[in-house]
1. Only one of (1) modelled with pLDDT of 85 or more; (2) outside any strand (DSSP E or B) is not met by L86, so which one is it?
2. Test L242 against the stated conditions and say whether it is within 23 Å of the chain's Cα centre (by Cα) and not β-branched (V, I, T).
3. Filter the stretch 133-166 down to residues that are modelled with pLDDT of 90 or more and among the hydrophobic types (A, V, I, L, M, F, W, C) and give me whichever is farthest from E106 (Cα to Cα).
4. Kindly indicate the residue of the stretch 124-139 that is within 15 Å of the chain's Cα centre (by Cα) and not polar (S, T, N, Q) and also surrounded by the fewest Cβ atoms within 10 Å (Cβ to Cβ) among those meeting that condition.
5. Given the criteria touching a Gly at 6+ places or on another chain (Cβ under 7 Å) and open to solvent by 30 Å² or more (accessible area, probe 1.4 Å), does M189 qualify?
6. Being open to solvent by 30 Å² or more (accessible area, probe 1.4 Å), free of Cβ contacts under 8 Å to residues at least 60 places away in the same chain, within 16 Å of the chain's Cα centre (by Cα) and under 28 Å from V124 (Cα atoms) is the filter here, so list the residues in the stretch 143-178 that pass it.
7. From G120, G126, G112, which residue is more than 25 Å from E174 (Cα to Cα) and not hydrophobic (A, V, I, L, M, F, W, C)?
8. Filter the stretch 204-262 down to residues that are of a type in the set (S, T, Y) and touching a residue at least 24 places away in the same chain (Cβ under 8 Å) and give me whichever is least open to solvent (accessible area, probe 1.4 Å).
Amino acid sequence: MNKRTAFRVMAGGLFVSLLIWVIYQLPGIERLALERLINQNARLFFADSIRIEKAAIDRNLRLRLYGITGAFQARQGPVPLEIRSLESLDPLFLLLRSEPVHFVFEGARPKGSSRDGLLGEIVVLGGKDWRVEASADFKNTDLEDLRWLDPQNLDGANGAMNGKLTCVQVAGREPTFDLSVTMPQPGGMVQARFFDLFLPYLPESVQKDRVVKLVSGNKQLVRYQTAEVAVNLPQPDVMKILVRILVLDYNLKLTLNMIVHTDQKDSFSQIARLMGLIEAKSL
């Protein structure tokens, strides 16, 4: 280990130790200290808007946060989001020993939603070879809660969702990203103009003619029976997208399977740009 790396590791350890001491000794400061730390790492997505209603740490140095809110910087403008609670299952000092610390969260949703929202887990491994792995479960969500991704095409859309999102970032490597979501029977509703997104990718066929008929002059909501969306980012410049949807009223069983190549490699900011691409191409 060279001197510069050793200094960074030592400085990082001292910073974490100081942060833990401040949180533990001075309850009045804990919330502001954590807000600042989280905002520094999430500035790209939330523009320093994250706030914590309540923060606490027990004598075993396990952290609990309640009422986390922030404004996600979406393409069409800030979207208020919230997480009901986040807590560590392990003591925070394990970060100094390069051992994993498990966090669980629940109630991740658009602010004001009537549904329970996402629940999931975050595993953080500290040290020089740090690693962060986050996963979220969609079982308590509805397509209605994702309308903000693409208000024009998802206005009025609904349907119960199941599935999982996983994102992994390892020191010295680009992040990986995997999303698999299904909307099972009885399905739900979606704008007819949503199917216009399929047209550039469909070969000349009876199915394409049916999509043209569905979209042309139809400004109504259409019922779908099942749907599936899978997005995989195996490397930062390649994204795989799969969309399937069944619409019995129009005898449509559509599949969009594509690979998107990009030129830039820029860690999580690259994922943000690719999320914008998802908004334009699928959801």
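The values are calculated or read from the model by the stated rules, or taken from the named source; none is laboratory data. What you see is a predicted model, and the numbers here were worked out from it, not measured in a lab. All Cβ positions, glycine included, derive from the backbone under ideal geometry; neighbour counts span all protein chains shown. All accessible areas refer to the heavy atoms of the entire protein, side chains included, with ligands and DNA or RNA removed. Shrake-Rupley method; radii C 1.70, N 1.55, O 1.52, S 1.80 Å.
1. The one condition L86 does not meet is (2).
2. Numbers: within 23 Å of the chain's Cα centre (by Cα): yes; not β-branched (V, I, T): yes.
So L242 fits the description; yes.
3. A157
4. K139
5. Answer is yes for this residue.
6. Result: N162, K164, L165, T166, T176, D178.
7. Unique residue meeting the criteria: G112.
8. Y224
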